[in-house]
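Working notes, structure below.
Just so it is clear, none of the values below were taken in a lab; they were calculated from the coordinates. No experiment lies behind these values; they were computed from the predicted model shown. No Cβ is skipped: glycine too gets one built from the backbone with ideal geometry, and neighbour counts run over all protein chains shown.
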Amino acid sequence: MCGIVGYTGPQSAVTPLIEGLRRLEYRGYDSAGIALGTPNTLFVEKRAGKLANLEEALGSASPEVHSGIGHTRWATHGGPTDRNAHPHLDNEGKLAVIHNGIIENYSQLKVELESKGHTFESDTDTESVAHLLSDLRKKHHGDLSAAMREAVQSLRGSFTLLAVHADDPETIVGVRRNSPLVVGLGVGENFMASDVAAFIQYTKRAVELGQDEVVTITPSSISITDLYGAEVAPREYEITWDAAAAQKGGFTHFMLKEIFEQPKAVADTLIGRLSDNNQILLDELHMNPDEIRALKKIVVIACGTAYHAGMIAKYAIEKWAKISVEVEIASEYRYRDPIVDSSTLVIAISQSGETMDTLMALRHAKASGARVLAVCNTNSSTIPRESDAVLYTHAGPEIAVASTKALLTQIIAVYLIGMHLAQVRGELSDQEVAHLYSQALELPGKIESILETVEPIRELTRKFAKSETVLFLGRNIGYPVALEGALKLKELAYMHAEGFAGGELKHGPIALIDSEIGTPVIAILPAGHEHGLDEKMLSNIQEVKARGARVIVIAEEGAMVVGAEHVIRIPIAPPIFQPILATVPLQVFAYEMAVARGNDVDQPRNLAKSVTVE
Ligand code: M6R
């Protein structure tokens, strides 16, 4: 939610700022703006709409100055207009602020500031910070860092803020609370951004910032303090991926590139996890065998696609480790009175590690006495930092708003957790674990083979591109796959799509089938014959077909399918691993549908990649 970048150094600032915003546009794209540190005054340009509108407005007119801040917005307070675009200024036009998050007490601040003579130009919560900082900077004799420290003490909510003042344009001051901010350390230049992607082409040295830390950068220095001015030693780390990972690399969209990166992402997350004596290696869990044996319950908290990974975790962990697993939508969990204690392990799944709903649920769980394990794709982000332990997935940077490779790696991570817990608790023998692991190692090659044959899915999409509703059916571990297929289609194709458990169909949803339009139904046929679930799904297919549905079936090679207009084949795998394979054609289907309908694939309307507000 909103991307933030700051630069100070020898380059003409507009270049790293616009480059940075381009890489952060996934975080929001309702408007974009920059403030350049021209002496005595500031040069500000901001425009509603995508970054391209700002670039057009800038043309070649931007001044050649060497510091500035830039913002790409996902609107919360105030519509997506030029006026509400960031940066926001004080009344003298000398101090500029950009913000990611929400200032919860902004209306109260606004009343106080207006009573002191400040006039407001926008409908945003952010502008109150510009006016507040302006007053406090005067109080602190021009010290913007001191002003920021005092300002933050009176702010409520979640925020990353960057500020610059025309009287000292080389200095940029930032702060974070429950919202991301990293510093990039260059040679004779420094950066700040919501995500390292913004400056990865200039430096791989980064510094993480803790809660309520205020950071001040100039071209040659960085200083970090707490809110009371005490120095904090910079925690430096090296960024392990390179700039190319954040480029499209010849693909038309990031999403397509990320779909095709899945075999590698799955392999990278999986490989090296079995010892020579057939033990699953998961030291990251930081749990000794006694603690694992004492576990009574697991609760998974997550949102959106990550929640679907959590649902799959339930099937795998309950089957293998025989521990009861509850899966909770993070935003709902937080406002309940969950029954957890030290024998509960809470697993927080998040690609970004910054999702506010998940973070708040995590804090709620910790406060209730649970141990928290994060499954995360983003190093040093807030969710892993606040967890007791973290298992990183190795999907690499995921730029497209629609999650693809992150999901598959999250599923792999929960499989590993399930195998490890089962092995330590004696529910699976070493041989059984080794066998499962070797079957999992075949998954990357199987995904590869699905991706080699996506052309029929393209043709299929053309046929169904004008439909307004698509229903997805799954059973057992195929149910979360159906939910994920529907989520992807909603998010990308802006179509009404719903996923159902096959058995629930007759309890209401079957009324949605319209014989006049031939409602498309995509059914995931369960792998194998366990519990006769494949036959039950075949019956569901007959039931919808009898009512006029046009049925597409995802089925493993060789499985008998009756009643389908189209069959998409996937390789044979143990039923528990089927989600890794069955999800892939659904991603391609949603992608192609979005393209066919002329939608913006990587930046679907109204969304943002990292949802840092509740
Ligand atoms: O970064 P997270 O994994 O915590 O994000 C959770 C959801 O916001 C995310 O999965 C969202 O549902 C995706 N855009 C779906 O493709």
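Charges were assigned to the Cβ only: +1 to each Lys and Arg, -1 to each Asp and Glu. The resulting dipole of region 455-596 about its Cα centre is roughly 200 debye.
Rounded to the nearest 500, the helix-only mean residue ellipticity at 222 nm of the chain stands at -10500 deg cm²/dmol, with each DSSP H run of n ≥ 4 adding -39,500 (n - 2.57). Overall, the chain carries a charge dipole of about 840 debye about its Cα centre when +1 sits on the Cβ of Lys and Arg and -1 on the Cβ of Asp and Glu, all other atoms neutral. Along the charge dipole of region 455-596, Cβ charges K/R +1 and D/E -1, which of ILE517, PHE577, ALA559 sits furthest on the positive end? With unit charges placed on the Cβ atoms, the residue in question is ILE517. With the highest mean first, a sort of the peptides 291-298, 85-92, 318-325, 534-541 on other beta-carbon atoms found within 10 angstrom per residue produces 85-92, 534-541, 318-325, 291-298.
Since only ASN105, ALA130, HIS141 are under comparison, the one whose Cα sits farthest along the positive direction of the charge dipole of region 90-141, derived from C-beta charges on Lys, Arg, Asp and Glu, is HIS141. When the charge dipole of the chain is built from unit charges on Cβ atoms (+1 for Lys and Arg, -1 for Asp and Glu) and taken about the Cα centre, the candidate among GLN439, SER350, VAL470 whose Cα reaches farthest toward its positive end is VAL470. Normalising by residue count, region 455-596 has a Cα convex hull of 91 Å³ per residue. Quick check: from the Cα gyration tensor, does region 563-611 come out rounded (a/c under 1.5), prolate or oblate? Judged from the Cα gyration tensor, region 563-611 comes out oblate (a/c at least 1.5, b/c at or above a/b). Beta-bridge orientation, region 254-441: approximately 5 percent antiparallel, per DSSP, counting only bridges with both partners inside.
Report the trypsin sites (Lys or Arg not before Pro) located in region 398-497 that are in a DSSP loop and have at most 12 other Cβ atoms inside 10 Å of their Cβ, or state none. Those that pass, being in a loop and sparsely packed, are LYS466. Here the residues THR41, THR119, THR76, ranked from fewest to most Cβ neighbours within 10 Å of their Cβ, fall in the order THR119, THR41, THR76. The mean sequence separation of alpha-carbon pairs under 8 Å and at least six residues apart, normalised by the residue count of region 455-596, gives a relative contact order of 29 percent. Contact order, relative form, for region 433-509: 25 percent (alpha carbon pairs under 8 Å, 6 or more residues apart, mean separation divided by residue count). In terms of its C-alpha gyration tensor, region 254-441 has an oblate overall shape, because the principal axis ratio a/c (a ≥ b ≥ c, square roots of the eigenvalues) is not below 1.5 and a/b does not outweigh b/c.
A straight Cα-to-Cα reach below 19 Å connects LYS490 with the lysines LYS405, LYS463, LYS466, LYS609, residues fewer than 8 places away in its own chain not being considered. With the Cα gyration tensor of the chain in hand, give its eigenvalues times 5 under a square root as the equivalent ellipsoid semi-axes, listed largest first in whole angstrom. Taking √(5λ) for each eigenvalue gives 45, 28, 21 Å, largest first.
May I ask for the distance between the Cα centers of region 170-203 and region 453-482, given as a whole number of Å? Result: 41 Å between the Cα centres. What lysines sit close enough to LYS204 to cross-link, taking a C-alpha to C-alpha distance under 21 Å and skipping anything fewer than 8 places away on the same chain? Those lysines meeting the cut-off are LYS248. Taking the average, over residues, of other Cβ atoms within 10 Å as the packing measure, peptides 52-60, 166-174, 125-133 rank 125-133, 166-174, 52-60 from highest down. Looking only at the chain, where both bridge partners belong to it, what percent of the DSSP beta bridges are antiparallel (to the nearest 5)? Antiparallel bridges: around 60 percent, rounded to the nearest 5. Distance from the C-alpha centroid of region 127-159 to that of region 329-358: 33 Å, rounded to the whole angstrom. Its Cα centre serving as origin, region 254-441 has a Cβ charge dipole (Lys and Arg +1, Asp and Glu -1) of approximately 220 debye. Given Cα pairs under 8 Å that are at least 6 residues apart, what percent is the relative contact order of region 195-328? Relative contact order for region 195-328 comes out at 15 percent. Rounded, prolate or oblate: pick one for region 3-245, where a ≥ b ≥ c are the square roots of the eigenvalues of its C-alpha gyration tensor, a/c under 1.5 means rounded, and failing that, prolate if a/b is larger than b/c, else oblate. It is rounded, given that a/c, with a ≥ b ≥ c, falls under 1.5. Ordering MET495, MET192, MET356, MET560 from the fewest to the most neighbouring beta carbons within 10 Å gives MET560, MET495, MET356, MET192.
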